[in-house]
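Enquirer: First the structure, which I've put down as structure tokens, then a few questions once you've had a look.
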Amino acid sequence: DVLVVIGDAAERTGRNAVRGAPVVPVSVLPPVSGSTDAAVAGGPAPADLIRLVSAAVPDPRLVAYVLPPEGAVPTGLAPEFRPVRLSGATPRERAAAARSQLVPARDAVVLDARVTDDDAAALASVLAASGTPLVGLRKGQLDAGCAAVIRSRGKDVGAVAAVASADAREGRAPRNAPPRTPRGVLREIHLGHARRIGWTPPLTLLAVADRVVPAGDVLR
């Protein structure tokens with residue numbers, strides 16, 4: 001048997017692409033604990049993030065990259081990102097601690113894919129009316145309150161999962177190799193969440209967005 005672990009950007013798509021192989025959909029890639037035959041990340045490659053975020057937030061800013069309480073800084077993350085680690089007993093405490101580390105009116109905030117939806121919601125709450133762009137890397141983070149997300153296309157995650165599974169079955173890939181990352185990305189904006197945090201998405205971002213959720217709409 002082959003064990004394939006995929007990020008949560010395409011749980012159903014990934015499962016369909018690797019039928020016959022045990023699939024573990026998670027939201028914590030990278031890294032993956034335990035022994036796996038193949039892993040597929042559900043978000044953009046860390047090395048591509050500075051280009052993608054700069055396109056989403058074109059005005060010159062510092063970028064705070066928010067990490068979960070535990071977990072290493074992703075390999076390949078550009079030096080323009082300043083790691084901010086969540087700490088505290090509750091989501092509210094962790095969000096307040098993170099905000100205290102931000103530079104007012106200068107920082108843009110990007111959430112690591114491993115940041116939970118509860119922590120994303122708490123951060124969106126403490127950043128209300130701040131004008132701070134809050135960008136996630138998972139759909140769940142958009143649902144939780146991020147103004148925008150940059151994530152992998154579901155069909156691309158499934159396609160990469162299928163190739164990774166085939167390579168593992170044929171012995172062409174070592175076990176516990178770094179997660180593979182799809183190339184394509186989706187840019188999604190929630191205008192209601194953007195309004196809540198006091199940030200106006202630039203027209204350049206709205207023009208290339210794959211989906212814009214109008215203010216007042218509920219995500220499904």
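Enquirer: Under the condition of being modelled with pLDDT of 70 or more and not hydrophobic (A, V, I, L, M, F, W, C), which residue from region 40-53 is surrounded by the most Cβ atoms within 10 Å (Cβ to Cβ)?
Expert: Gly43
Enquirer: Only one of these is among the aliphatic types (A, V, I, L, M), modelled with pLDDT of 80 or more and either assigned to a helix (DSSP H, G or I) or in contact with a helix residue (DSSP H, G or I) (Cβ under 8 Å, 6 or more places away or on another chain) (or both): Ala173, Ala166, Ala161. Name it.
Expert: After ruling out the rest, the residue left standing is Ala166.
Enquirer: Taking the residues in region 54-109 that are of a type outside the set (A, V, I, L, M) and part of a helix (DSSP H, G or I) as candidates, determine which candidate is surrounded by the fewest Cβ atoms within 10 Å (Cβ to Cβ).
Expert: The extreme case among them is Glu93.
Enquirer: Pick from region 120-158 the residues that are among the hydroxyl-bearing types (Ser, Thr, Tyr) and either at pLDDT 90 or above or part of a helix (DSSP H, G or I) (or both): which of them is nearest to Val212 (Cα to Cα)?
Expert: The extreme case among them is Thr132.
Enquirer: For region 123-142, name all the residues that are within 20 Å of Gly88 (Cβ to Cβ) and within 16 Å of the chain's Cα centre (by Cα).
Expert: Leu123, Ala124, Leu134, Gly136, Gln141
Here is a yes/no grid of residues against (1) of a type in the set (Gly, Ala, Ser); (2) farther than 21 Å from Asn16 by Cβ; (3) open to solvent by 30 Å² or more (accessible area, probe 1.4 Å); (4) without any contact (Cβ under 8 Å) to a residue 12 or more places away in the chain:
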site	(1), (2), (3), (4)
Ala168	yes, no, no, no
Gly171	yes, yes, yes, yes
Gly184	yes, no, no, no
Leu191	no, yes, yes, no
Ala209	yes, yes, no, no
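The values are calculated or read from the model by the stated rules, or taken from the named source; none is laboratory data. As the structure is a prediction and not an experimental result, all values here were calculated from the model. All Cβ positions, glycine included, derive from the backbone under ideal geometry; neighbour counts span all protein chains shown. These area figures cover heavy atoms from the full protein model, side chains too; ligands, DNA and RNA do not enter into them. Shrake-Rupley method; radii C 1.70, N 1.55, O 1.52, S 1.80 Å.
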